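None of the figures in this text is laboratory data; all of them are computed from the coordinates on show. This structure is a prediction, so every number in the text was calculated from the model and none was measured. Note that we place each Cβ from the backbone using ideal geometry, even for glycine, and neighbour counts take in every protein chain shown.
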Amino acid sequence: MSSDTPTINMAATGANIKALIKNKGLRVADVQIRCGFNTPQAIFKWMRGDAMPSIDNMVILAHLLDVTIDKIIILN
């Protein structure tokens, strides 16, 4: 990839997801329920930057947080 190709900064995006959830006054359990997960592990992986939400979950997350997807993702 060329240096001008944007890539997702997973660690920064995870920290941003964590901050956005906190700032909105939501709990991880709230996000878990809305995304249809049985356990919160996926959300914790997102917040650590170990994984990214699927596009479906990104849409849900953006709606929950009242932001657009580009306000969630942090690019390098």
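What about residue 17, is it in contact with a Ser or Thr (Cβ under 9 Å, 6 or more places away or on another chain) and either touching a residue at least 24 places away in the same chain (Cβ under 8 Å) or of a type in the set (Phe, Trp, Tyr) (or both)?
Criteria not met by residue 17.
Go through segment 23-38 residue by residue and tally those that are aliphatic (A, V, I, L, M) and either touching a residue at least 24 places away in the same chain (Cβ under 8 Å) or surrounded by 13 or more Cβ atoms within 10 Å (Cβ to Cβ) (or both).
Number satisfying all stated conditions: 3.
Starting from residues that are exposed (fewer than 15 other Cβ atoms within 10 Å of the Cβ) and under 15 Å from residue 74 (Cβ atoms), keep the ones in segment 1-22 and report whichever is farthest from the chain's Cα centre (by Cα).
Per the stated criteria, the residue is 6.
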